[in-house]
Each structure stands twice: as structure tokens, then as C-alpha cells.
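For reference, the structure is listed below as C-alpha cells.
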There are 2 protein chains.
Amino acid sequence: MRKSGFFVALALSAAVATPVVAQMDVKDQIETRQSAFTFAGWNMGKIKAQAIDGDVAYNEQQILAAANAIAAVANSGLGALFGPGTAMDKNDNTDLKPEFFDKPDKAREVAIGFAQASNKLQEIAANGGDKAAIAAQFSEVGKSCKACHDEFRAE
Amino acid sequence: MRKSGFFVALALSAAVATPVVAQMDVKDQIETRQSAFTFAGWNMGKIKAQAIDGDVAYNEQQILAAANAIAAVANSGLGALFGPGTAMDKNDNTDLKPEFFDKPDKAREVAIGFAQASNKLQEIAANGGDKAAIAAQFSEVGKSCKACHDEFRAE
Ligand code: HEC
Ligand code: HEC
């Protein structure tokens, strides 16, 4: 679980890379990105319960597993699931605002912010997972989710 | 990205651990486990396209990101999403067979098989990601998915 500039660069390039799969249809793109975010959200919830709310006992192995999962989502090349025609102006089953396609620089910025914050959480968890440090970086990851939602997700 | 007996043991214990979150309701458990599997399946698809079918160029960074994602799902403590009352005898929106709850040893066995196969795929990808080795281990992970589906997922 060593981290280096190389791994961070790798992770960032994966986060904003061009599609890595054969073209998926619109419905599959929407359902798969919702699944990825639901899975990330579940893992955020585990860290929240253990490191913030304290209603579940703090367990470093589980924190690391959750941090690995969130980072894996952030580095999975989600961009491939935001293809043309997948916003809510053309589909009922999504909350993606059509503005997403008018603001590629902003989209790139929030995606990179998510990857950076998640990689740092993973790094802290891999290096012993001090509870206060995890709690602080959890909050940064949460901000990176919110940065994207505020911009691109309908309420 | 070193792997050792310790990490494998850690991963396995996470895979079969007791719930790590405050109790989720039945609907959330079902939707979250479906999301986790959908996300794993998407990442399996990327590896298939690059290492087996060859319809997308082979990219070691993307293979590693996908392998990390599959391992993250396998090690995320999915057991917490298979609580009592979440099978298809009591819910419309799931394919989980009720037999799941009568066969805890089998459930444990397939969960461990999934974690072991996924951790090995991640290890191969982290150590250079030779295409033939990735293809061979991808097939083992696929068998671990199928082992569970044959037993516990309705057609
Ligand atoms: C790059 C932008 C972006 C980032 C970063 C992001 N989200 Fe989202 N999220 C979205 C969009 C867009 C949607 C709506 C997707 C849709 O309906 O197609 C969404 C939807 C969701 C959903 C609902 C999924 C569903 O089933 O409909 C959850 C939960 C969620 N996000 C949680 C998170 C969490 C937790 C994080 C950070 C750990 C995060 N998101 C980071 C853009 C983002
Ligand atoms: C521990 C058992 C188990 C393992 C291991 C497993 N699955 Fe599944 N899978 C299930 C069950 C049970 C369901 C049905 C879930 C439900 O409907 O509640 C399912 C559902 C799915 C679905 C449909 C999800 C949806 O949206 O309804 C996909 C796709 C899938 N699995 C892919 C995979 C892949 C790919 C792997 C391996 C990388 C895998 N599964 C490993 C048990 C397993």
C-alpha cells in the first residue's frame, strides 16, 4: 500500500481517462454510475459510523477496506459513464444536470478533487489509520462529493 | 501494493466479518448489494474487453484500477448486505434465493473464494499486469462469481 507520486498520477489519469470499455448504452451508463456512487456512499457511511458518529466500534481493517473501496470508485474511470445523451434532459431515471456537458473543465476539476481526496484517505488508512486523521480526511472526501453534487446533480 | 499473508488474511476477515454499519433497512441492503455487484461487473467487463476479447487496447493502469475495484468489492464486508429477510421469498426486487440463509457454510465458502480470487488478480495487476496472467486470473474470478450465482442467485 505504498503511495508515491507515480501512483497518484496514475490514479488521476485513470479518473479522467477516455473510456476504457466498448461503448455502453445510455441506460447502462446511468445505472452503472448510480451503482458506483451508491457503493461509494455505503463505504462513506461505514467510515462515518466508526470515525465520526461512533455508533459502531472503530476498526482499522474495516476503515481501510472502506477507504480502498472509495478510492477504487474514484479511480475507476467514471468518465466513461457520463457519455453524451445521459443527462436528465433526455432521460427520466437520472439526476445528472445537462450543464455537465457544457462545463468539461469543471467536471474535470471535481473528478480530480474526488480522486485526490480519496487517495489521501486511502493513504492515511493504509498507514495505520489514526482515528482523528481519518475523520479529518473523511470530511475532505465528503466535500469533494458535495462539490460535484452542487454543480451537476439535481436535488 | 505489496501483498502478504497478513493482507490476505485481513481481506478475508473483512469479506466475512460481522456487519460494520449500523443496521440498514431491507431495501437499502438489497439496493446496495446490487450496486456493489453491478460495479464489480462493470470492472470485470473492462478487463474482459482488454485482456480477453481485445476490442479495447490493453492498458496496464486501467487493468490495475479495475482489479483494485473488484478486490475492493470483494473485501468490503458484503455480508452486512445479506441480512435476515432480504431474500426473494420476502421481496420482489431481489434475486437472492432464500436457501442462502440455510447454508451459511456454503455462503462463507463462496465469499472467501471471491475474495481470494480477486486479491490474486489485484496482486498480479499490481506486479506488472502481464496480459496472459491477467487473463488466466480473470477467468478464476469469473468462476468465483459463478460459484455464488449458481448456488444463491435466481435465474
Ligand atoms: C464527478 C461528480 C461526482 C462526484 C465526485 C460524486 N458524485 Fe455522487 N453523484 C453525481 C451525479 C451526477 C449523480 C447522479 C447520477 C445519476 O442519477 O445518473 C450522483 C449520485 C449519487 C448518489 C445516488 C445514486 C443513485 O442510486 O441514484 C449517491 C448516493 C452519491 N452520488 C454519493 C456520492 C458520494 C458518497 C461521493 C463521494 C464519495 C460522490 N457521490 C461523489 C456526481 C458525483
Ligand atoms: C457471495 C455471493 C456472490 C458473489 C461472490 C458474486 N455474486 Fe453477483 N450476485 C449475487 C447475488 C445473490 C445477486 C442478486 C442480488 C440481489 O438481487 O439482491 C447477484 C447479482 C449480481 C448482478 C446483478 C446486480 C443487479 O443490479 O441486480 C451482477 C451484475 C453480478 N451479481 C455480478 C457479479 C460479478 C461480476 C461477480 C464477481 C466479480 C459477482 N457477481 C460475485 C451473489 C454473488
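The values are calculated or read from the model by the stated rules, or taken from the named source; none is laboratory data. These numbers were taken from a predicted model, which means no experiment stands behind them. Don't worry about glycine lacking a Cβ; one is built from the backbone with ideal geometry, like all the others, and counts go over all protein chains shown. The accessibility values were calculated without ligands, DNA or RNA, using every heavy atom of the protein model including side chains. Shrake-Rupley method; radii C 1.70, N 1.55, O 1.52, S 1.80 Å.
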Point to revise | Qualifying residue in the stretch B:107-114 (condition: more than 20 Å from B:A36 (Cα to Cα) and touching a helix residue (DSSP H, G or I) at 6+ places or on another chain (Cβ under 9 Å)) | key: no
Practice item. Scan the stretch B:140-150 for residues that are open to solvent by less than 50 Å² (accessible area, probe 1.4 Å) and either among the aliphatic types (A, V, I, L, M) or more than 8 Å from ligand 2 (Cβ to nearest atom) (or both) and report the count. Key: 2
Practice item. Working only within the stretch B:35-46, note down all residues that are within 11 Å of the chain's Cα centre (by Cα) and either open to solvent by 50 Å² or more (accessible area, probe 1.4 Å) or facing chain A (nearest Cβ under 8 Å) (or both). Key: B:A36, B:F37, B:T38, B:F39, B:N43
Point to revise | Flag if A:G128 is closer than 30 Å to A:G54 by Cβ and more than 8 Å from ligand 1 (Cβ to nearest atom) | key: yes
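Residues checked against (1) near ligand 2 (Cβ under 8 Å from one of its atoms); (2) among the hydroxyl-bearing types (S, T, Y); (3) modelled with pLDDT under 95:
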site: B:L10; (1), (2), (3): no, no, yes
site: B:K48; (1), (2), (3): no, no, no
site: B:D53; (1), (2), (3): no, no, no
site: B:S76; (1), (2), (3): no, yes, no
site: B:G79; (1), (2), (3): no, no, no
site: B:G83; (1), (2), (3): no, no, no
site: B:K90; (1), (2), (3): no, no, no
site: B:F100; (1), (2), (3): yes, no, no
Practice item. Report yes if A:A49 is within 14 Å of chain B (Cβ to nearest Cβ), closer than 23 Å to B:A40 by Cα and more than 12 Å from ligand 1 (Cβ to nearest atom), otherwise no. Key: no
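Per-residue answers, yes or no, for (1) away from every other protein chain (no Cβ under 14 Å); (2) farther than 19 Å from A:A36 by Cα:
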position: A:V56; (1), (2): no, yes
position: A:A65; (1), (2): no, no
position: A:N68; (1), (2): no, no
position: A:M88; (1), (2): yes, no
Study note, to complete from the structure: The residue that is least open to solvent (accessible area, probe 1.4 Å), considering only those in the stretch A:127-139 that are over 19 Å from A:F37 (Cβ atoms) and small (G, A, S), is A:G129
Study note, to complete from the structure: Exactly one of A:I124, A:I52, A:I70, A:I63 is in a helix (DSSP H, G or I), buried (at least 23 other Cβ atoms within 10 Å of the Cβ), over 12 Å from the mean Cα position of the chain (by Cα) and touching a residue at least 24 places away in the same chain (Cβ under 8 Å), and that one is A:I63
Check your understanding: Does the stretch B:80-100 contain any residue that is part of a helix (DSSP H, G or I), open to solvent by less than 20 Å² (accessible area, probe 1.4 Å), within 16 Å of ligand 1 (Cβ to nearest atom) and not polar (S, T, N, Q)?
Key -> yes
